[in-house]
Amino acid sequence: MDIQQQFPKIYLYRRIVQAKLFIDSHYHEDIDLNNIAGEAYFSRFHFIRIFKLTYNKTPHQYLTSVRIDHARLLLKKAIPVNEVCYTVGFDSISSFSALFKKLSGYAPSVYQQTELKRQAEMLAAPQKFIPNCFAEQNGWLKK
Amino acid sequence: MITKLNHVSIFVLDQDSAYEFYVNTLGFKVHTDAAMGPGMRWLTVTPPEQPDLEISLMAITEGMMFKKEAAQTMRDLVAKGTFGFGVFECNDLLATYEELKAKGVEFTKAPTKEFYGFEALFKDDSGNWFSLGEKK
């Protein structure tokens, strides 16, 4: 049976998924969630309700989590914290730092130092990061 | 007493392509990406809500693990879709199905209500298949 016949409300999911994908690709812009709701053909209330039912986060919470995820990636590349903040779409260092700490457990600068140290260790002694059995099977122990 | 599984391997045809699929399409997180010498790389990813389960994306290359003939046999088997490596879970199967379809993931079974649960099947970029179920 065709999925549309089996699940008549699949169109709702498609609209919500399109909204999520829009956030995924425009997270760094000044996103107006009212516009997203409109583009998904929902009232703001229904959009937030169905989005949360689907992803366990409101659209705003989801946008924040996407921005923080991208911030983590940029911090690992040694990009300065203030530059990361604006690149991922925040307009205030203090709100970025507070949200980053809330979601990651560390201040952005502490997270960056920890990750850069880990990367340096991985470069110097990669065997430390691999279970011995895998390293042995691949012949990596003697390198 | 065994308490946990913390590493599991999936054999892939190409690690760069697997990185793209698991990280940028499925949304997994990179745990470790270490160069082990020319053409050798230890690459592990974790499901977004399971940071302590490292999935090693193992390249099938000729070396200590596979002799030349065995490597080719393994590559052929993976590409033919011989191996099913497990069951992934999501909060909402229909939404996840629609999202992954929109991203070009190949499903061999659309979401279907079965007596054991709500399930779909998809393939990774190498040909390995997985069941995708909804959190109960």
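General observations
- Checked against the criterion of being at pLDDT 95 or above and either of a type in the set (Asp, Glu) or over 12 Å from the mean Cα position of the chain (by Cα) (or both), the stretch B:58-65 contains not a single residue that satisfies it.
- Residues of the stretch A:102-143 classified as more than 26 Å from the chain's Cα centre (by Cα) and either within 19 Å of residue A:65 (Cβ to Cβ) or assigned to a helix (DSSP H, G or I) (or both), total: 10
- Note on the stretch B:13-32: residues that are more than 11 Å from chain A (Cβ to nearest Cβ), among the hydroxyl-bearing types (Ser, Thr, Tyr) and free of Cβ contacts under 8 Å to residues at least 24 places away in the same chain amount to 0.
- Tally, over the stretch A:43-80, of residues that are more than 28 Å from residue A:116 (Cα to Cα), crowded, with 20+ Cβ neighbours inside 10 Å and more than 10 Å from chain B (Cβ to nearest Cβ): 2
- The residue that is surrounded by the fewest Cβ atoms within 10 Å (Cβ to Cβ), among those in the stretch B:102-123 that are modelled with pLDDT under 95 and charged (D, E, K, R), is B:114.
- Residues of the stretch B:14-45 satisfying the condition of being in a strand (DSSP E or B) and surrounded by fewer than 16 Cβ atoms within 10 Å (Cβ to Cβ): B:30, B:35, B:37
- When the helices (runs of 4 or more DSSP H) confined to the stretch A:1-101 are screened for residues that are aliphatic (A, V, I, L, M) and touching a residue at least 24 places away in the same chain (Cβ under 8 Å), those reaching at least 3 such residues are found at A:10-26, A:59-76.
- Residue list for the stretch A:30-42, filter: more than 14 Å from chain B (Cβ to nearest Cβ) and surrounded by 15 or more Cβ atoms within 10 Å (Cβ to Cβ): A:31, A:33, A:36, A:37, A:42
- Extreme residue, farthest from residue A:54 (Cα to Cα), among residues of the stretch B:46-97 that are aromatic (Phe, Trp, Tyr) and outside any loop (DSSP other than H, G, I, E, B): B:85
- Checking each residue in the stretch B:78-136 for being out of contact with any strand residue (DSSP E or B) (no Cβ under 7 Å at 6 or more places or on another chain), under 16 Å from residue A:7 (Cβ atoms) and of a type in the set (D, E, K, R) picks out B:98, B:99, B:113, B:114.
- Search result, residues across the stretch A:6-29 that are of a type in the set (Asp, Glu) and crowded, with 17+ Cβ neighbours inside 10 Å: none
The values are calculated or read from the model by the stated rules, or taken from the named source; none is laboratory data. This is a predicted model, so every value here is computed, not measured. We place every Cβ from the backbone using ideal geometry, glycine too, and count neighbours over all the protein chains shown.
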